[in-house]
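Notes follow the structure.
The values are calculated or read from the model by the stated rules, or taken from the named source; none is laboratory data. Remember, it's a predicted structure, so these values are computed and weren't measured experimentally. Methodologically, a virtual Cβ is constructed for each residue, glycine included, from the backbone with ideal geometry; neighbour enumeration extends over all protein chains shown.
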Amino acid sequence: MSKLVLTQTEPDEQFDIRFKELFGITFTDWQKTAMVNANGEMIEYNDGRIFAGMTAYDSGFKVYVREGIITANEPVWALSWREPYASLMLQGKIETRFWSTNYRGLVLICATKKHFPPKEVRRISGEKQTNRINHDFDYGGDYTRSRLCGYAFATGRLVDCRPMYPHDENDCYVEYNPNLFCFVFKEVTRIAPFAWTGTQRWKVLTKNQVKQIQYL
């Protein structure tokens, strides 16, 4: 999936500026690094992350990015999960916390070095949801088999934070608790894992940390 982020309506020099504001490089310089496909009717540039195309009937380029791709000035916040709940984010899990947040935007999804003991998972999730975790994803109660512990492994876009309702149980993989808040994510996308030391609640990534995010 991809989304439109830029439409060229100005001269090349001004378009270069707008492109650089998003991606940290001018359109002119980016064209030199991208693969090109051209014929009499159209021209396309593509580097696997960013796609730009223009037909003979267009007045300028249209620029698309893969969902989840980070633009240059976009903040990225990190949040850590203990297994098995970290892995479940890749399955569309709605996260639950005992605190709410006003943040909306891109989140680096990380797994802590320590996983939850099976007894703690059963306490948190309840019998029914623990059985779903064990059955659906073949953990068998042995969460030490996860290779994600201690790594950042995905990004997702946090789009909503709201109270938990009884009908959320299956999506959250935990028993209903009126004191819990649901963190709703979209565009959860795998990245090349890299070592990460988690902190409680949020951590804002530095520019150098953002550069470590490489989509698979």
Given (1) aromatic (Phe, Trp, Tyr); (2) closer than 15 Å to LEU79 by Cα; (3) crowded, with 18+ Cβ neighbours inside 10 Å, identify the lone condition not met by TRP202. (3)
Identify the single condition in (1) assigned to a strand (DSSP E or B); (2) more than 16 Å from the chain's Cα centre (by Cα); (3) not small (Gly, Ala, Ser) that LEU158 does not satisfy, given that it satisfies every other one. (2)
Return the pairs, sorted by first residue and then second, in which the second residue is assigned to a helix (DSSP H, G or I), the first residue lies in the range 98-126 and is surrounded by fewer than 18 Cβ atoms within 10 Å (Cβ to Cβ), the beta carbons are less than 6 Å apart, and the residues are 6+ apart or on different chains. ARG122/THR130
Aliphatic (A, V, I, L, M) and outside any loop (DSSP other than H, G, I, E, B) - does that describe any residue in the range 201-214? yes
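Which one is surrounded by the fewest Cβ atoms within 10 Å (Cβ to Cβ) among residues in the range 82-97 that are within 17 Å of ARG123 (Cβ to Cβ) and either at pLDDT 95 or above or out of contact with any Cys (no Cβ under 7 Å at 6 or more places or on another chain) (or both)?
Once the filter is applied, the top-ranked residue is ARG97.
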By residue number, the members of the range 182-197 that are surrounded by fewer than 18 Cβ atoms within 10 Å (Cβ to Cβ) and over 14 Å from the mean Cα position of the chain (by Cα) are PHE194, ALA195, THR197
Would you please list the contacts, defined by Cβ atoms under 9 Å and residues six or more apart or on different chains, that run from a residue in the range 1-29 that is without any contact (Cβ under 8 Å) to a residue 40 or more places away in the chain to a residue that is in a strand (DSSP E or B) and β-branched (Val, Ile, Thr)? PHE27/VAL63
Only one of (1) modelled with pLDDT of 90 or more; (2) surrounded by fewer than 15 Cβ atoms within 10 Å (Cβ to Cβ) fails for LEU79. Which number is that? (2)
Could you grab me the full set of residues in the range 131-176 that are of a type in the set (Lys, Arg) and either modelled with pLDDT of 95 or more or at positive phi (or both)? ARG162
Only unsatisfied item for ILE25, checking (1) farther than 22 Å from ARG147 by Cα; (2) surrounded by 13 or more Cβ atoms within 10 Å (Cβ to Cβ); (3) at pLDDT 90 or above; (4) over 17 Å from the mean Cα position of the chain (by Cα), is (3)
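Could you please find all residues in the range 127-145 being touching a His at 6+ places or on another chain (Cβ under 9 Å) and either over 25 Å from ARG190 (Cα atoms) or buried (at least 18 other Cβ atoms within 10 Å of the Cβ) (or both)? Lay out the reasoning, then the answer.
Within the range 127-145, the subset touching a His at 6+ places or on another chain (Cβ under 9 Å) is 143-144.
Selection gives TYR143 alone.
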